[in-house]
């Protein structure tokens, strides 16, 4: 997308958004055109979208459709509306009000085995990624999550949040936004199962976390795989979602 310079603002022209639109699902069509412009590199983080008036005039659509599309982009954390300046493509993805990926995976989670198989594949991968990227502060957060979980178990106050804190600390040690987003969605899906395990097998979960982190600190890739494999076999719980009542094992 060609850009035209304005004082302190990169505002994209409407040319690469294409010609006028059909009347059906206009807002969704505009979203698709903006997505295509981002993929092609015509529109970049930090650029400003054409004004509402420009989009309305060039594409032959109503202001209400433009506003609807902008609200959708805001909801998923893609744009930021700056009063008096315009609508800017965020330089980093914002926290979405609505996460389409999360909803999609939640709706698909009736297939418990699919969720478990995905975790078996994904958890070792992001743990190894984190092992190579973790800073001293990351290591501190991981150890703190283990210590907090151990103390909570000692006083009988453990919850799924103590378990999630460990996985989240490792996940965020990847410093990779895409990995973190997928991982956070996975944690949402398995939170109920983690709550069950923390009530029934908290000591086992703690032991597994310590084994995983021991290998993590040592830079032992094979050890991480082995610890997660043991973890995946050390407990099982009902992950019962609508339309699926199978009993499956899952990694801790």
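Descriptive notes on the structure:
- Taking the stretch 141-168 as the range and being under 14 Å from the mean Cα position of the chain (by Cα) and crowded, with 20+ Cβ neighbours inside 10 Å as the test, only 167 passes.
- The criterion of at least 1 residues that are within 18 Å of the chain's Cα centre (by Cα) and at pLDDT 60 or above is met, among strands (runs of 3 or more DSSP E) falling completely within the stretch 1-116, by 79-82.
The values are calculated or read from the model by the stated rules, or taken from the named source; none is laboratory data. All values derive from a computational prediction rather than experimental measurement. Cβ coordinates were reconstructed from backbone atoms using ideal geometry, including for glycine residues, and neighbour counts include every protein chain displayed.
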